[in-house]
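Step one of this worksheet: look at the structure below.
Please treat every number below as a calculation from the coordinates, not as lab data. What you see is a predicted model, and the numbers here were worked out from it, not measured in a lab. Using ideal geometry, Cβ is built from the backbone for each residue, glycine included, and neighbour counts are taken over all protein chains shown.
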Amino acid sequence: MTANNQTMSILSHQQQLQNQLQLKQLQTQEQKQQEQRTKSLNSNKSAELANLVSEKTPQKRKDPRDPLAVQIPTTANPTEILASRFNSWRNVIRALLVYLKDVVSVHEEVVRQQVRLQQSLSFPFTTQGLNGDLYQPITTGKSNSAGSDGAGPADNFAAIQNFFLPLGNGSIYDLPSILLQFHSSYAVNAQKTIRELNSTVIPRLEELRRDLLVKIKEIRGLQSDFKNNVNKEVLTTKQELTAYQSSIELVSKHPNNVQPKNDPYLLRTQLDRQIKRQIQEENFLHEAYLNLQSSAKELEKVIFLEVQSALTVYAKLLGKQAQTIFDVLITKLDNGFLTKEPSFEWDSYISREPNFIDPNLPMRHYRDLVYPHNNSPLSFEIRSGYLERRSKFLKSYSKGWYVLTATFLHEFKTPDRKRDPIPVMSLPLNDCQITEHSKMDTVNPDSWHKFVLHAKQNGIINRGHNWVFRAEGYQEMMKWYNDMKQLIALPTPQARSSIAAQRESQRVQVKQSKRHSKAGSLLSSSTVPSDKGHQHSTQYDQLNTVLSLPQNVPGSEGNQAPYFENSQRNGPQSPRSGAQASGNDYTTYAQQLPNQDAAQVPQGFNYAPEVSALGISTQVDDESGNDRRSLETASNPNLTDPDHIRSTTEDTLNTLTPKVNGLKVDSDKDARPVSTNNILVDDS
């Protein structure tokens with residue numbers, strides 16, 4: 001008995017220690033739960049903060065197989081937490097509504113400002129609106145008054161518009177239309193934004209906010225679903241589990257001391273029944289959590305979708321406004337005025353303005369002008385040069401510049417036709433006769449030689465007068481004498497014009513030859529040494545041409561007069577200078593003159609090159625374009641012999657023909673043949 005009593009006392013003492021330990025654990029757990037309840041009930045914010053801290057703080061995961069490890073919160077207040085969350089959503093929606101309403105107010109002001117900007121477009125151009133309508137410019141302020149010239153605003157606008165390209169050409173004229181369309185489009189888009197926000201977005205958000213208030217009340221009404229006895233059942237399960245474990249240990253160590261009520265079988269049965277009650281209570285609470293969370297999730301999805309939809313609509317409206325800026329303003333400016341050259345407007349204005357000229361229009365030159373009979377041989381000079389005329393009464397000689405044409409012999413003071421255009425005296429060839437000339441002074445051939453021209457006196461005293469002229473040199477005198485005799489022998493100016501045409505052809509050929517000679521000398525100077533080049537170029541210094549004697553001249557009564565014609569010196573020629581055209585073409589030209597009898601055309605005026613042995617040379621004197629001829633002859637009696645001249649000419653042609661044919665021409669323009677129908681005189 002004593003041993004049994006001691007054993008029982010030991011067991012009872014152990015039982016007491018276990019009970020005390022369990023009580024302490026239960027008290028500690030109850031204190032923690034109480035603290036949690038206090039915190040959750042004190043403030044929603046403190047509860048949310050505690051949840052955030054608990055989420056951030058890593059907790060040791062409980063073993064779901066442990067009966068005492070409860071996986072769900074048993075003392076939380078989820079309805080209050082969700083109410084606070086959805087109340088926060090209401091605050092967010094309210095802030096969004098405030099912003100969108102301010103957006104509406106701003107866009108209303110934008111519409112007013114865009115209309116104001118449209119009215120500020122005071123360009124003096126016709127503008128085109130969005131619908132294609134044209135609007136005339138509106139004057140404002142002082143521009144309403146008439147201009148200084150008395151014209152009204154409409155006239156001023158019309159004049160200004162004519163200075164620029166019309167609408168649609170990318171000019172400055174398009175700018176007011178682009179700006180008007182941009183501000184109109186922007187105002188229309190702003191009105192659409194106002195209408196869309198006021199009619200759709202804002203009302204839906206306001207309705208959502210009201211619905212959220214109802215849902216929050218419903219959530220708070222579910223608070224009773226979360227009242228549970230899970231903690232109580234867990235404590236009971238723990239006691240049953242402790243008793244069961246103690247009975248197992250007692251049976252294992254002291255099987256004789258086990259009472260029937262402490263049989264592990266019975267305790268196991270009680271423990272299983274308790275665990276089932278605890279699990280059932282937990283599942284009820286678990287199901288309440290799932291129902292609440294699923295409903296809250298669906299509600300928040302609705303909230304999120306509505307806010308998303310509102311912001312999407314707002315973003316699209318802003319995107320349309322931005323696209324309007326790009327499409328209506330930036331693109332049109334980039335494709336129009338901004339990409340034009342700075343001179344685009346000016347060039348267009350000059351091209352269509354009749355009061356200005358085209359910059360590409362070339363200047364006209366005298367040599368390019370054509371007028372009726374501009375190349376008529378009747379207007380050409382046949383010979384010009386200095387002569388001295390003896391006065392009627394004092395018998396003294398006065399020097400003058402004489403020009404012989406197909407009609408007159410003109411006397412000028414100077415060779416300059418610009419400063420001295422009017423002749424001092426003019427003798428008509430129809431009223432003149434060539435009578436005699438002085439014989440050649442073989443001792444001094446360069447002395448003054450005279451010839452006499454008999455002319456009728458027109459006026460009160462109708463009697464003839466003998467004009468005595470003298471030239472410096474026999475050859476010079478004979479040129480004037482023979483030319484005048486040849487011209488006077490012809491009956492009409494048209495018949496004489498053939499000689500003028502031949503002389504003009506010679507002058508043109510000489511000028512062309514000089515141009516070729518100059519170009520050839522420049523080319524040869526770059527390849528040939530200076531001393532050799534000079535020697536080469538001077539080989540042609542004495543190359544001259546002479547007019548052969550006329551034969552069977554009509555009106556000369558069968559007499560053949562010696563006729564010397566001073567053709568022009570070709571000057572220094574290089575192997576690249578061009579050949580001269582034949583003078584026979586002017587005989588054909590004279591035959592084609594109007595009112596010209598073919599029988600009156602002189603025959604035999606064939607020009608041919610001659611060597612320098614004849615001593616004849618010509619030169620161009622001043623800028624007026626007049627040919628000044630000087631006669632430099634040696635004492636040569638054969639010059640007056642027609643047969644000698646004709647034979648010398650034929651020999652010269654045979655000698656120079658290979659050289660002329662072998663010349664190279666650098667420019668087709670300079671080497672062009674002289675036309676018999678259109679004689680061009682180079683005035684340069």
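Per-peptide packing, taken as the mean over residues of other Cβ atoms within 10 Å, places 230-238, 305-313 in the sequence 230-238, 305-313 from highest down.
Could you give the semi-axes, largest first, of the ellipsoid that matches region 227-322, computed as the square roots of 5 times the alpha carbon gyration tensor eigenvalues and rounded to whole Å?
Numbers: eigenvalues 748, 26, 11 Å².
Whole-Å semi-axes of the equivalent ellipsoid: 61, 11, 7.
3J(HN,Hα) along region 244-250: 5, 5, 5, 5, 5, 5, 5 Hz, from the Karplus curve 6.51 cos²θ - 1.76 cosθ + 1.60 with θ = phi - 60°, whole Hz, x for Gly and Pro.
If the viscosity is 1.306 mPa s and the temperature 10 °C, what translational diffusion coefficient in µm²/s does Stokes-Einstein give for region 64-361 when Rh comes from Kirkwood over Cα pairs?
The estimated diffusion coefficient comes to 58 µm²/s.
Close amide-amide hydrogen proximity is noted between Ser171 and no other residue 5 or more places distant or on a separate chain, at a cut-off under 5 Å (H modeled in the peptide plane; Pro and chain starts excluded). Based on every Cα atom in region 321-378, Rg and the maximum pairwise Cα distance Dmax equal 23.8, 83 Å.
In this model, which of Lys450/Lys511; Lys227/Lys297; Lys192/Lys215; Lys62/Lys215 are farther than 28 Å apart at the alpha-carbon?
Numbers: Lys450/Lys511 31 Å; Lys227/Lys297 22 Å; Lys192/Lys215 33 Å; Lys62/Lys215 34 Å.
Cα-Cα > 28 Å for Lys450/Lys511; Lys192/Lys215; Lys62/Lys215; rest within.
Using the per-residue mean of other Cβ atoms lying within 10 Å as a proxy for protection, in what order, highest first, do the peptides 99-110, 246-257 fall? Walk me through the intermediate numbers first.
On the way: 99-110: 15.1, 246-257: 13.0.
Going by the mean number of other Cβ atoms within 10 Å, highest first, we get 99-110, 246-257.
The protection proxy used here, the mean number of other Cβ atoms lying within 10 Å of each residue, ranks peptides 378-385, 325-332 as follows, highest first: 378-385, 325-332. In order along region 97-106, the Karplus-derived 3J(HN,Hα) couplings, from 6.51 cos²θ - 1.76 cosθ + 1.60 at θ = phi - 60°, round to 5, 4, 5, 5, 5, 5, 4, 4, 5, 5 Hz, and Gly and Pro are given as x.
The Rg/Rh ratio of region 168-249, with both radii computed over alpha carbons and Rh defined as the Kirkwood radius, is 1.73. Derived scalar couplings between HN and Hα for region 305-313 equal 4, 5, 5, 4, 4, 4, 5, 5, 4 Hz in order, rounded to whole Hz, by the Karplus curve 6.51 cos²θ - 1.76 cosθ + 1.60 (θ = phi - 60°), x for Gly and Pro.
Projected onto its three principal axes, the C-alpha set of region 261-412 covers 189, 31, 27 Å, listed from the longest axis down.
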